[in-house]
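Here is the structure we will look at, set down as structure tokens.
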Amino acid sequence: MTVDGEAVRLDDEDRADEPGWEVDPDDEWGVAVVATVGRQLKLRREAVGMRAADFAAAVKYGEDLVYKVESGKRIPRPEYLERADEVLGAGGLLAAMKEDVAKVRYPKKVRDLAKLESQAVELVSYGSHNLHGLLQTEEYARALLSTRRPALAEDDLERAVAARVARKAIFERRPAPELSFVQEEVTLRRPVGGRSVLRRQLEALLELAQLRHVELQVMPTLRGDHPGTGGRIQVLKFADGSAVGRADDEFGSRPVTDPRQLRILELRYGIIRAEALTARESLAFIEQVLGET
């Protein structure tokens, strides 16, 4: 199958030396983008006859960071490009690079997933352990990602959260894709980040469930005899009839595109969906859990 392919606020001096914005050397596209942006910044600075030290003072970032950005070793922040555009009189040309640079901020595997989601006409997902990333609020996602071990560096954590939140653009796509989620009861009750975070997460689920192209169902814990015991299942379908899926059991979360394997995933999901509470019953169930939280 071929498929086309809330941040922590710091003052300017802290931002100048903030770690975690290095370019992933294995991300060829990312390396190329950051190198091109850095080259353009350096050419523009030299064209107006400004030394790196003077430019650093003007944009309020460290001189060392300026050299790293211009050499393609660091990813510039959006505000860095905005200040550079203003200081160098680029007329918006440098600021316009923010869109490509923003994509490079996210890990390649997350970009690839977001790209697939942006092209899917249908997404079905069963979650047994955590809420699906598309359903998570920003603060819930941050709390959940904070449980990883080894712990993520602060900036890596914020980048991961930003990447997850950016994927939620799928809910605003037009034409809207069909989105079906079945979540195990435990994913609605585990107080990730504390009860206040969970309450806001449950409220967000109730809002999402009101969207006409979104169907959210709950699998009660008492219904243990269903084919979801092997873990999460997800299938993305595309307009050309192709699809890609993954599951936690024998496929080991690896993407699968073979029609026979996809049929297995769809069969399992169909049974899970039939065994779960209906969409209306699920709304009432989430409201009940919210009231108990």
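Remarks
- Using only alpha-carbon positions in segment 20-103, the gyration tensor eigenvalues give semi-axes of 20, 13, 11 Å once each is multiplied by 5 and square-rooted (largest first).
- Using C-alpha pairs under 8 Å with a sequence gap of at least 6, the mean separation divided by the residue count of segment 123-228 gives a relative contact order of 37 percent.
- Charge dipole of segment 162-293 (Cα centre as origin; +1 on each Lys and Arg Cβ, -1 on each Asp and Glu Cβ, all else neutral): 440 debye, rounded to the nearest 20.
- Contact order for segment 108-292, expressed relative to its length and based on alpha carbon pairs under 8 Å spaced 6+ residues apart, stands at 28 percent.
- Taking only alpha carbon atoms, segment 139-293 gives an Rg to Rh ratio of 0.96, where Rh is the Kirkwood radius.
- Each residue of segment 278-293 is assigned a 3J(HN,Hα), and the resulting list reads 5, 4, 5, 4, 5, 4, 5, 5, 4, 4, 5, 4, 4, x, 8, 8 Hz, derived from the Karplus form 6.51 cos²θ - 1.76 cosθ + 1.60 (θ = phi - 60°), x at Gly and Pro.
- q = 0.07 Å⁻¹: log10 I(q)/I(0) that the Debye formula gives for the chain, counting C-alpha atoms only: -0.34
- Sites D248 and L93 - FRET efficiency at Förster radius 41 Å, r taken between beta-carbons, to 0.05: 0.35
- I271 paired with A35, simple spin-label distance in nm, labels 7 Å along Cα-to-beta-carbon: 5.1 nm
- Residues in segment 178-211 that a label on F285 would reach, taking backbone N under 13 Å of a point 7 Å out along Cα→Cβ: 181-189
- For the chain, the antiparallel share of DSSP beta bridges with both residues in that region comes to about 50%.
Read-outs: derived from the displayed coordinates by stated rules, not from any lab. All figures in this text were calculated on a predicted structure; none of them were measured in a lab. So basically every Cβ, Gly included, is an ideal-geometry build from the backbone, and we count neighbours across all protein chains shown.
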